[in-house]
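The values are calculated or read from the model by the stated rules, or taken from the named source; none is laboratory data. This is a predicted model, so every value here is computed, not measured. Cβ atoms come from the backbone with ideal geometry, glycine included; neighbour counts cover every protein chain shown. The protein model used for the area step is the full one, side chains on, heavy atoms only, and it has no ligands, DNA or RNA in it. Shrake-Rupley method; radii C 1.70, N 1.55, O 1.52, S 1.80 Å.
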Amino acid sequence: MEIMLPFIQEMLMLYILAAVGYAARKIGILDTSADQVITQIVLYITLPALILYSMDIPFSAQLAKDMFYLVGLSVCVLLFACFLGRLLRKRASLAAGRKNVFEASIIFGNQGFIGFAVSFILFGRQGIVYATMFNMVYLILIWSYGIYLFVRSKPFTAWRQVFLNPGLLATGAGLLLFFLPVSWPSPFLNLLENTGKMTIPLSMLLIGSLLAGIKLEDFFQLIKNRYIWMVTGTRLLLIPLFLLPFVLLSPPFALFAVAVLVSGMPSAPTVSLYAYKYGGDARFASVAVCVTTICALVTIPALYFVLRLVY
């Protein structure tokens, strides 16, 4: 329990930042245009800087082994999530536009924002390295299959978005630096560190502001929908717990904890953006993001507690 208390305190600090973002949106300090600006800053500046800073570490055979292990775990859990999403979608009694959102909300978690934040507060720079490696396959999937879920009946040509998105480019540059016997100059490394550290607070402020954009009548109407709770249980518990049997392979605790916890992130706000852009039920997507984000305050520490018991 003594180990859990600092983690729960850090989680509360993250959600307090989200609450600040929520309040700032409600009183007019932030608005929709501010959300777009913060999103661009995080995606194109601070998050790539954090990845590049964290990946500037000496090459070792063990870390290379960890990378392949994390990629393997990521492929397994994403295939499982895709299978569940497709199965539950087929069985759901929902309109077509809502079915797409339902499936995407199950498959795609908020791995890029809250996932990095949780990894960082638990394991510092090493946590970011592991989260970056674990998210490589996810980044490709959400920019390809994620869009496909909404445009399956339309021509699909998103290869530029798949391979030229900032997260994937920064990951590729970081991996190149990792495998080569070179490093960033010290002043530039400090710049990357200071810039990258802004990712966590900006991300949580953004999440709070996005949640504040949900109309209360939509929230209270859709919170009674059983499919919202189906998304919540599947995304926050069933999908991450799928990885527990892999503990028999005796992976390092930090590596396995990052994989499990990042797999159990709340639904990605990106799903809401796709719904707006491609004609899905954006209200359903926004409420799914809201409910899973609130419930994650309980489920993420619970998953960490289970991991501690297992180890």
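Summary of values
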item	result
Local electrostatic count, residue 122, Cβ distance below 14 Å [Lys/Arg +1, Asp/Glu -1]	+1
Cα-projected label distance for residue 95 with residue 191, points at 7 Å along beta-carbon direction, nm	5.0 nm
Ordering of 219-232, 282-295, 262-275 by packing [mean C-beta count within 10 Å, highest first]	262-275, 282-295, 219-232
Residue-count net charge about residue 102 - beta-carbon cut-off 9 Å; Lys, Arg +1, Asp, Glu -1	+1
The range 6-74-the range 178-237 distance, computed between alpha-carbon centres (Å)	6 Å
Separation in nanometres of the label points that stand 7 Å from Cα toward Cβ, at residue 298 and residue 61	4.8 nm
133, 198, ranked by accessible area, largest first (probe 1.4 Å)	198, 133
Theoretical gain in end-to-end length, residue 26 to residue 169 [0.36 nm per residue, Cα-Cα removed]	48.0 nm
Cα shape, the range 178-290, gyration tensor, a/c 1.5 rule	oblate
Using a Förster distance of 25 Å, the FRET efficiency for residue 249-residue 36 (Cβ separation, nearest 0.05)	0.05
Folded to 0 to 90 degrees: helix 166-179 orientation relative to the chain principal axis, Cα	20 degrees
The chain - percent relative contact order, Cα under 8 Å, separation 6 or more	33 percent
Model label zone, residue 311; criterion: amide N under 18 Å from point 7 Å along Cα-to-beta-carbon; scope the range 108-134	115-134
For residue 109, distant residues with modelled amide H under 5 Å away	268
Candidates 261, 189, 73, ranked by Gaussian network fluctuation over the chain, Cα under 10 Å, top entry	189
For the chain, built as a Gaussian network whose Cα springs stay under 10 Å, the top-fluctuating residue of 78, 211, 87	87
Computed magnitude of the charge dipole of the chain (debye, nearest 20; Cβ of K, R +1, Cβ of D, E -1)	1080 debye
Overall form of the chain per C-alpha gyration tensor (a/c, 1.5; a/b vs b/c)	rounded
Where labels lie 7 Å past Cα in the beta-carbon direction, separation of residue 198 and residue 180 in nm	2.6 nm
Around residue 212: net Lys/Arg minus Asp/Glu count, Cβ-Cβ under 9 Å	+2
